[in-house]
Each structure stands twice: as C-alpha cells, then as structure tokens.
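*Asks:* One structure, as structure tokens, below. Some questions next.
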Amino acid sequence: MRSAMQNLSLLAVYGLLVGLCSTACAPSEEEQILAEVVPQLVSADWLADHLGDSGLVLIHIGERPEYDEGHIRDARRLDRETILMTSARGLHNELPPVAHLDSVFEGLGVSNESHIVLYHGDNALSMATRTFFTLDYIGLGDRTSLLNGGLAAWVEADRSLTTEPPEIVPGSITPNVQPNIVAFLDWLGEHLTNPALAIFDARGPTSYSGERAGSYARPGHIAGTANLPYSSLLLEGTSTFADADSLKQILVAAGVTAGDSVVAYCGTGMAGSALYFVSRYLGYTSKLYDASFEEWSARLDLPVEPDTLPGG
C-alpha cells in the first residue's frame with residue numbers, strides 16, 4: 001500500500017499535469033473557430049456583427065469597376081476567370097485542377113481554418129453560388145457562408161462601403177476533395193431513371209422547352225428531367241433567396257421527397273449551382289452536373305426533349 005506521503009505526491013504531480021494541459025492542450029482561437037457551426041446563408045446584420053471576427057475572410061464576387069467603386073470593408077475580389085476554365089473539349093465554365101484552385105483561394109487569404117463569407121455584386125448571384133460549389137469541392141463548403149442578397153442587401157441595410165483594398169496575408173489550404181458532389185455524364189446516364197434522384201434543369205422555361213435554342217448542339221433539356229428555374233428560389237425582383245420554409249415548399253412542389261438526392265444542371269454549370277446551393281442548404285444530398293446541357297446535348301446518342309435528332 002502506498003503511504004499517505006506517496007499519495008500526496010502523486011496528487012501533486014497529477015494536479016501539475018492538469019494545470020499544464022489546461023493551458024497547452026486548450027484549443028487555439030483558430031481551432032475554436034473551426035469547431036463552430038458555420039451558417040450557410042447569413043444576413044447583412046449577421047455580417048455586420050461578425051465583420052471583425054478573427055479568421056473571417058470576406059470575398060466580393062463581381063467586376064473590378066464595381067469593386068473599386070465601393071465594397072464591404074476587408075473584402076477582397078475574386079476574379080471569376082481564376083476558378084473557371086474551358087476544357088480541352090471546348091466545354092465552358094469547368095472546374096480547374098485542385099492545385100490551381102488551392103492557389104487562387106490561398107492568394108485571397110483562405111486557410112482550412114478560415115470562415116469564408118461570399119457576397120455578390122450586380123448580376124453575380126450564380127457566380128457566387130458557383131464559388132460556393134467550388135469551395136465545397138475542395139472541402140471548404142462547411143467553412144463557407146453566403147450573404148443573402150449580396151451587396152444590394154448590405155447597402156439596403158444602410159451599411160457603409162469603402163474603396164480601400166484590404167491587406168491580404170496568404171493562406172494555406174490542405175484540400176479535402178469531394179468528388180461526390182460532381183455529377184458526370186456517364187453517371188447521370190446510368191442513373192437518369194433512378195426514382196431516388198430529383199434531377200432539375202435550373203434554366204428558364206424557354207431554354208428548358210427549347211424555344212430559346214441558345215448555342216447548344218440541340219435545343220431543349222435532358223429527357224425525363226424537370227424544370228426548376230433558379231429564379232423561382234428568389235424573392236421577386238431581388239437576388240435574395242426566400243426563407244428556408246418557402247424554399248422547402250418549392251422543392252417539395254417540384255417533386256422532391258424525403259430521402260431524395262437532388263441533381264442540378266443548367267447550360268454550363270452556373271445557374272445550376274444556385275439550385276445546388278439551396279438543396280444543400282435544405283439538407284439534401286446534392287450534386288451539380290458541371291458540364292451540364294452543353295455536354296449532354298452534343299452527344300447525339302443521349303436523349304434530349306424535344307427530340308430533334310435527324311429523323312426524330
């Protein structure tokens with residue numbers, strides 16, 4: 001048996017170790033930020049309250065003249081051309097290599113521990129949701145928020161703008177690629193009639209019907225898919241998403257049932273990213289067909305409605 005003195009000595013050592021661990025083993029500020037639940041959609045008031053948070057990286061999605069005229073304090077601008085590429089097959093708005101994407105976002109100050117907040121300027125909502133999808137692809141979707149309504153919502157809330165660019169400290173990203181969020185042509189062809197998939201064309205009705213032919217090899221839409229224009233997810237006349245209950249009702253009315261996975265597409269993977277964003281926000285397993293109708297329509301062996309194949 002230990003003596004009382006031995007027991008006291010052991011207790012003293014244990015207390016010292018506990019004290020050391022309470023300091024050395026305590027989570028760092030960055031680790032605490034990482035442990036927080038990051039909201040996918042935030043308001044102007046929320047952003048105003050968190051603008052000075054350590055680890056927050058604010059990214060403006062829009063053209064250079066607009067950014068230079070006035071942007072939210074500490075926002076750095078993303079050049080859309082840096083995260084989109086034309087493939088060797090001539091497909092537009094494709095995902096660049098992961099190493100390139102990492103370099104782009106690191107240059108904007110993004111690290112794995114960052115809380116990234118995106119906001120869009122005029123006519124750039126689909127680019128903002130496409131940026132969210134891109135960050136989700138490299139494993140940072142759970143660290144990314146979107147300012148609902150973008151710059152217009154910030155200005156409407158009577159918040160100030162600046163013309164001063166921020167000082168940017170480059171970040172460091174270790175990617176955790178999520179290939180499962182990207183739908184590819186062969187996979188979609190094999191799963192086109194899967195009842196557990198809700199596959200939607202996010203373009204407008206005239207593009208979906210083929211009335212507006214566009215520059216596709218064949219007008220129309222992927223056979224068997226439904227139309228859910230991304231504009232239907234917005235409050236009328238704005239680029240602000242409706243509230244979560246309304247969004248859920250829209251998807252349910254479009255045919256999405258509990259347990260379904262949502263697959264979004266459009267012309268080249270831009271408008272479809274808005275539907276991807278919303279379905280993910282509502283908790284559905286979601287995919288974006290990146291190459292979208294541009295790729296599908298060019299494959300004459302794949303079904304398109306209306307059928308415009310020779311002899312069809």
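The values are calculated or read from the model by the stated rules, or taken from the named source; none is laboratory data. Remember, it's a predicted structure, so these values are computed and weren't measured experimentally. Here the Cβ is made from the backbone with ideal geometry for all residues, glycine too, and neighbour counts use every protein chain on show. Side chains included, ligands, DNA and RNA excluded: accessible areas come from the protein's heavy atoms. Shrake-Rupley method; radii C 1.70, N 1.55, O 1.52, S 1.80 Å.
*Asks:* Looking for something over 17 Å from residue 128 (Cα atoms) and touching a residue at least 40 places away in the same chain (Cβ under 8 Å) - is there at least one such residue anywhere in segment 39-48? Spell out how you get there, then give the answer.
*Replies:* Quick first cut of segment 39-48, residues over 17 Å from residue 128 (Cα atoms) only: 45-46, 48.
Next cut, touching a residue at least 40 places away in the same chain (Cβ under 8 Å) only: 45, 48.
Scanning segment 39-48 turns up at least one residue that is over 17 Å from residue 128 (Cα atoms) and touching a residue at least 40 places away in the same chain (Cβ under 8 Å).
*Asks:* So which residues in segment 183-196 are buried (at least 19 other Cβ atoms within 10 Å of the Cβ) and outside any helix (DSSP H, G or I), if there are any at all? Give the derivation first.
*Replies:* If we filter segment 183-196 for residues that are buried (at least 19 other Cβ atoms within 10 Å of the Cβ), which is where we start, we get 183, 188.
Within segment 183-196, just 183 meets the criteria.
*Asks:* Would you tally the residues in segment 81-115 being touching a Leu at 6+ places or on another chain (Cβ under 8 Å), free of Cβ contacts under 8 Å to residues at least 24 places away in the same chain and open to solvent by 50 Å² or more (accessible area, probe 1.4 Å)?
*Replies:* Within segment 81-115, residues that are touching a Leu at 6+ places or on another chain (Cβ under 8 Å), free of Cβ contacts under 8 Å to residues at least 24 places away in the same chain and open to solvent by 50 Å² or more (accessible area, probe 1.4 Å) number 1.
*Asks:* Any residue in segment 169-178 that is within 18 Å of residue 273 (Cβ to Cβ) and either of a type in the set (Ser, Thr, Tyr) or open to solvent by less than 70 Å² (accessible area, probe 1.4 Å) (or both)? Break it down into steps so the answer makes sense when it comes.
*Replies:* First, the residues of segment 169-178 that are within 18 Å of residue 273 (Cβ to Cβ): 177-178.
Among the residues that remain, those that are also either of a type in the set (Ser, Thr, Tyr) or open to solvent by less than 70 Å² (accessible area, probe 1.4 Å) (or both) are: 177-178.
Yes, there is a match, as at least one residue in segment 169-178 is within 18 Å of residue 273 (Cβ to Cβ) and either of a type in the set (Ser, Thr, Tyr) or open to solvent by less than 70 Å² (accessible area, probe 1.4 Å) (or both).
*Asks:* Restricting the search to segment 91-108, which residues are in contact with an Asp or Glu (Cβ under 9 Å, 6 or more places away or on another chain) and either of a type in the set (Gly, Ala, Ser) or not in a helix (DSSP H, G or I) (or both)?
*Replies:* Initially, segment 91-108 is screened for residues in contact with an Asp or Glu (Cβ under 9 Å, 6 or more places away or on another chain), giving 91-95, 104.
Across segment 91-108, the qualifying residues are 91, 92, 93, 94, 95.
*Asks:* Given the criterion under 25 Å from residue 186 (Cβ atoms), open to solvent by 30 Å² or more (accessible area, probe 1.4 Å) and touching a residue at least 24 places away in the same chain (Cβ under 8 Å), identify the matching residue among 287, 248. Outline the logic, then answer.
*Replies:* Details: 248 fails: under 25 Å from residue 186 (Cβ atoms).
Result: 287 is the single residue among 287, 248 that is under 25 Å from residue 186 (Cβ atoms), open to solvent by 30 Å² or more (accessible area, probe 1.4 Å) and touching a residue at least 24 places away in the same chain (Cβ under 8 Å).
Residue-wise test of (1) farther than 28 Å from residue 234 by Cα; (2) of a type in the set (A, V, I, L, M, F, W, C); (3) at pLDDT below 95.
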{"site": "89", "(1), (2), (3)": "yes, no, yes"}
{"site": "93", "(1), (2), (3)": "no, no, no"}
{"site": "109", "(1), (2), (3)": "yes, no, no"}
{"site": "154", "(1), (2), (3)": "no, yes, no"}
{"site": "182", "(1), (2), (3)": "no, yes, no"}
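*Asks:* Still on this structure, please answer the following. Please specify each residue of segment 274-284 satisfying the condition of being touching a Ser or Thr at 6+ places or on another chain (Cβ under 8 Å), touching a residue at least 60 places away in the same chain (Cβ under 8 Å) and within 19 Å of residue 235 (Cβ to Cβ).
*Replies:* Hits for segment 274-284 are 274, 277.
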